[in-house]
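Colleague: Quick one: this structure, given as structure tokens, is what I'll be asking you about.
The values are calculated or read from the model by the stated rules, or taken from the named source; none is laboratory data. Here the structure is a predicted model, which means the values were calculated and not measured. Cβ placement follows ideal geometry from the backbone for every residue including glycine, while neighbour counts extend to all protein chains displayed. Side chains are part of the model used for accessible areas, which takes the heavy atoms of the whole protein and leaves out ligands, DNA and RNA. Shrake-Rupley method; radii C 1.70, N 1.55, O 1.52, S 1.80 Å.
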Amino acid sequence: MERDVIIALDFPGEKETLEFLDKFSEELYVKVGMELFYSAGPEIIKKIKEKGHRIFLDLKFHDIPNTVRGAVRSSVKHGADMMNLHAGGGIKMMEEAAEEAKKSGKEIILIAVTQLTSTSEETMNNDLLIDRPLKETVIHYAENAKKAGLSGVVCSALEVPGIKEKLGDEFITVTPGIRPKSSDAGDQKRIVTPEEARKLGSDFIVVGRPITSAEDPVKTYREIRKEFLGE
């Protein structure tokens, strides 16, 4: 299984994004989320791809099945290598998305968000009225994603061992909530270090502010990648 660090490009616009990417000489795997996509539009994906980078389009589709199918159809055209949707939308919605991605004929990694890493079990129980343990809920959502034909899920690295045990090593786990020991947790709740994520079995880790806000982003990225890959 391929493993890599995905840099979250959580910038307000195109200018800041491209200036950041110009600091790097190597090809990267980057995440384009809502803030950047809604500010710069689909054109930003094309410009990042022209620089030779791979893209995780993080728009978390969650709507009726037909609408999500259409969203996947439109997004495939932009050239993203990975994209996601909310597992909470149900198996039918995920099936429609998976069918549309396969229909495109392109190699797209389609994954489902289980529970956001900013969500605690208390929040899930009290705000969302999901009266089950958080890890149990995450694994159930992951099982639904696999049934629907998706390649994997977004989850906390803390939940990876249970998912791998239940669904196999080939089922991809993309894990945000990664913080080097010296970094502030920010708005994340279920966090681990890059080394811990490696030991827990994460396939991809997503790291934003610890890299993008670093004094030397290139050096920080390389250190995190080395720690995660165990090189």
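Colleague: Return yes when THR175 is out of contact with any helix residue (DSSP H, G or I) (no Cβ under 6 Å at 6 or more places or on another chain), of a type in the set (S, T, N, Q) and buried (at least 19 other Cβ atoms within 10 Å of the Cβ) and no when it is not.
Modeller: Details: out of contact with any helix residue (DSSP H, G or I) (no Cβ under 6 Å at 6 or more places or on another chain): no; of a type in the set (S, T, N, Q): yes; buried (at least 19 other Cβ atoms within 10 Å of the Cβ): yes.
No, not satisfied.
Colleague: Still on this structure, please answer the following. Just the residues that are closer than 24 Å to LYS103 by Cα and either open to solvent by 10 Å² or more (accessible area, probe 1.4 Å) or aliphatic (A, V, I, L, M) (or both), please, taken from region 142-168.
Modeller: ALA142, GLU143, ASN144, ALA145, LYS146, LYS147, ALA148, GLY149, LEU150, SER151, VAL153, VAL154
Colleague: Another one. Could you tell me whether region 206-228 includes any residue that is of a type in the set (D, E, K, R) and outside any helix (DSSP H, G or I)? Working first, answer last.
Modeller: Pass one, region 206-228, residues of a type in the set (D, E, K, R): 209, 215-216, 219, 222-223, 225-227.
Applying the additional criterion that residues be outside any helix (DSSP H, G or I) yields 215-216.
For region 206-228, residues of a type in the set (D, E, K, R) and outside any helix (DSSP H, G or I): present.
Condition check ((1) part of a helix (DSSP H, G or I); (2) open to solvent by less than 60 Å² (accessible area, probe 1.4 Å); (3) within 23 Å of ALA214 (Cβ to Cβ); (4) of a type in the set (Gly, Ala, Ser)) across all residues:
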{"site": "ASP10", "(1), (2), (3), (4)": "no, no, yes, no"}
{"site": "LYS15", "(1), (2), (3), (4)": "yes, no, yes, no"}
{"site": "GLU19", "(1), (2), (3), (4)": "yes, no, yes, no"}
{"site": "LYS31", "(1), (2), (3), (4)": "no, yes, yes, no"}
{"site": "ILE48", "(1), (2), (3), (4)": "yes, yes, yes, no"}
{"site": "GLY88", "(1), (2), (3), (4)": "yes, yes, no, yes"}
{"site": "GLU96", "(1), (2), (3), (4)": "yes, yes, no, no"}
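Colleague: Condition test on SER25, is it part of a helix (DSSP H, G or I), open to solvent by 60 Å² or more (accessible area, probe 1.4 Å) and more than 24 Å from ALA145 (Cα to Cα)? Break it down stepwise before answering.
Modeller: Details: part of a helix (DSSP H, G or I): no; open to solvent by 60 Å² or more (accessible area, probe 1.4 Å): yes; more than 24 Å from ALA145 (Cα to Cα): yes.
The answer is no for SER25.
Colleague: Let me ask something else about it. Can you spot a residue in region 104-114 that is of a type in the set (Gly, Ala, Ser), free of Cβ contacts under 8 Å to residues at least 24 places away in the same chain and over 30 Å from ARG222 (Cα atoms)?
Modeller: Going residue by residue through region 104-114, those that are of a type in the set (Gly, Ala, Ser) are 104-105, 112.
With the extra rule that they be free of Cβ contacts under 8 Å to residues at least 24 places away in the same chain, the set shrinks to 105.
Narrowing further to those that are over 30 Å from ARG222 (Cα atoms): 105.
Yes, because at least one residue in region 104-114 is of a type in the set (Gly, Ala, Ser), free of Cβ contacts under 8 Å to residues at least 24 places away in the same chain and over 30 Å from ARG222 (Cα atoms).
Colleague: Now for a separate question. Would you check which residues across region 206-230 are of a type in the set (Lys, Arg) and under 20 Å from the mean Cα position of the chain (by Cα) and list them? Break it down into steps so the answer makes sense when it comes.
Modeller: So the first thing to find is which residues in region 206-230 are of a type in the set (Lys, Arg), and the list is 209, 219, 222, 225-226.
Within region 206-230, ARG209, ARG222, ARG225, LYS226 qualify.
Colleague: Related question: Name every residue in region 199-215 that is free of Cβ contacts under 8 Å to residues at least 40 places away in the same chain and either open to solvent by less than 70 Å² (accessible area, probe 1.4 Å) or at positive phi (or both), in order of residue number.
Modeller: PRO210, ALA214
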